[in-house]
Amino acid sequence: MTEIRRLTTEDLLQFYRIHAIVYNQRRDFSKEENRKIDPLDHPADWACGVFESGKLLAGMYEIDFLMRFDGHSVKMTGIGGVGTLPEARKGGHIRRIFEKLLPEAYEKGVVFSNLTPFSHDFYRKFGYEIACNRNKIKINTGDLSEIKSKGEFIHILPGNDTSPLAEVHSAYIANINHGIHRDYWQENRAWKRFTKDDPCATGTYLYLWKDETGKARSYIKYQDEVEDGDHNMSVVELAFIDKKGLYGALSIVSGLSAQFENFKWLMPTFIDPFDFTGDAWSIEQEIRPRDMTRVVNVKAALELMRRPCNSEGKYIIEIKDENISANSGKYLVEFSPQGSKVSSTSKNADMSCDIRVLSQLIVGYRTPESAMLSRQEGLEVHDNLETLNRVFTQRPQHVTEYF
């Protein structure tokens with residue numbers, strides 16, 4: 001008998017075994033230390049699985065987050081740890097989990113769901129679409145020697161006060177779509193996870209940068225990454241409150257040029273790495289289509305989405321969502337400086353699109369004119385393109401967590 005349900009603490013070792021197999025990990029479950037549950041790991045009921053006769057065949061995490069979206073904080077679920085035992089694949093188990101979780105998320109008031117895919121096409125079946133790129137850069141550390149700032153770096157170790165980090169992070173994500181609050185989880189759990197690495201044991205370092213007045217303006221977390229015999233300074237996370245904070249954090253690189261050959265960063269695309277050096281020829285960069293998103297509640301997202309400043313207007317959009325039937329239909333969106341009103345309508349639509357296209361447009365990943373050039377089907381613009389282009393504009397994107 002097949003059962004789909006939330007996991008319990010007793011199910012977690014089965015879930016970890018699936019991860020060891022699926023992600024080519026090595027973990028000896030016969031040893032006592034590998035049977036212990038990390039208190040900072042995700043709670044068992046954040047995972048959902050498919051069971052047959054008590055055996056877990058497939059599962060995934062559905063992690064509760066609070067995400068920034070056009071100046072608002074909205075509920076978001078992060079999908080991670082997706083895996084199916086080899087002998088149970090091609091059985092539609094992951095599809096069954098999504099069929100259960102997505103409508104439930106809608107009912108719980110979730111507005112978005114994000115994930116990092118192993119295959120973009122696989123997750124398109126569930127309404128997800130690419131909505132956040134990263135710029136993978138590599139720069140010789142010597143080429144950053146001109147970035148020098150006054151102030152001081154403070155080494156943050158496990159157990160240290162995380163409030164200055166939280167202050168910087170909150171300012172950083174304020175106007176970035178997909179920025180995720182770290183103060184949402186109780187008992188400071190997110191920051192405990194973020195700062196748990198012992199640098200001597202893991203090669204991962206975290207430094208807070210304060211300006212000459214003592215104000216915390218940025219932090220940088222990096223790790224020693226060995227590649228082709230070179231030691232690279234690979235950024236795990238860099239957050240800043242302003243330009244001064246950005247270059248304050250980057251100023252640590254020049255002092256470490258004897259230790260690291262290269263500086264590497266999978267960075268947000270709203271920053272231009274060519275600003276970092278005088279001569280940009282040596283910078284290697286590659287755009288990586290990393291993260292996917294999907295709108296879980298269309299009406300809520302349309303109501304909260306940014307609107308053209310100091311103007312009013314309206315448009316009608318028809319949505320098709322094969323996974324959450326409550327989203328499908330026509331929406332009249334009327335906006336003014338006072339806010340947006342969204343209601344159902346039977347009038348002709350200015351634009352028809354599926355949930356994947358809408359997800360890209362609504363978070364500001366692309367414009368309607370850009371989307372019309374896509375190889376992917378799912379968008380038709382019938383009228384009112386000028387208004388649609390004023391409404392659906394590109395905005396800064398950065399999924400600030402890993403799932």
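None of the figures in this text is laboratory data; all of them are computed from the coordinates on show. This is a predicted model, so every value here is computed, not measured. All Cβ positions, glycine included, derive from the backbone under ideal geometry; neighbour counts span all protein chains shown.
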Report, to one decimal in Å, the Kirkwood hydrodynamic radius for the range 304-403 based on all distinct Cα pairs. 14.2 Å
From the cross-link list Lys90/Lys320; Lys136/Lys210; Lys150/Lys196; Lys136/Lys192; Lys75/Lys320; Lys31/Lys108, which pairs have alpha carbons spaced over 30 Å apart? Lys31/Lys108
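Going by C-beta contacts inside 10 Å, put Met60, Met305, Met267, Met1 in order with the fewest on the left.
Numbers: Met60 25, Met305 22, Met267 17, Met1 6.
By the 10 Å Cβ count, ascending, the order reads Met1, Met267, Met305, Met60.
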When N is the residue count of the chain, what does its C-alpha Rg come to as a fraction of 2.2 N^0.38 Å? 1.06
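Ranked by Cβ crowding within 10 angstrom, fewest neighbours first, how are Trp191, Trp265 ordered? Spell out each step's value before the answer.
Details: Trp191 20, Trp265 24.
Exposure proxy ranking, most exposed first: Trp191, Trp265.
How would you order 166-176, 147-157 from highest to lowest mean count of nearby Cβ atoms within 10 Å? Don't skip to the end; give the middle numbers.
Details: 166-176: 18.4, 147-157: 14.9.
Ranking the peptides 166-176, 147-157 by packing returns 166-176, 147-157.
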Around Val391, with a cut-off of 9 angstrom between Cβ atoms, what is the net charge of the other residues, counting Lys and Arg +1 and Asp and Glu -1? +3
Student exercise, the range 204-271 dipole from Lys, Arg, Asp, Glu Cβ charges, in Debye to nearest 20: 500 debye
Net charge near Phe240: determine it from the other residues with C-beta under 14 Å of the C-beta of Phe240, scoring Lys and Arg +1 and Asp and Glu -1. +1
Run the helix sum for the chain: -39,500 (n - 2.57) per DSSP H stretch of 4+ residues, divided by residue count, reported at 222 nm to the nearest 500 deg cm²/dmol. -5500 deg cm²/dmol
How large is the charge dipole for the range 289-403, taken about the Cα centre, if only the Cβ atoms of Lys, Arg (+1) and Asp, Glu (-1) carry charge, to the nearest 20 debye? 240 debye
Averaged over every viewing direction, what's the projected area of the C-alpha convex hull for the range 135-291? Give it in nm², one decimal, please. 9.7 nm²
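Given the peptides 61-74, 327-340, arrange them by the average over their residues of other C-beta atoms within 10 Å, most packed first. Don't skip to the end; give the middle numbers.
Working: 61-74: 19.4, 327-340: 16.1.
Answer by packing, highest mean first, reads 61-74, 327-340.
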q = 0.16 Å⁻¹: log10 I(q)/I(0) that the Debye formula gives for the range 2-110, counting C-alpha atoms only: -0.76
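Could you state the orientation-averaged shadow area of the convex hull built on the Cα atoms of the range 61-144, in nm² to one decimal? All intermediate terms of the calculation are to be shown ahead of the outcome.
Details: hull surface 34.0 nm².
The orientation-averaged projected area of the Cα hull of the range 61-144 comes to 8.5 nm².
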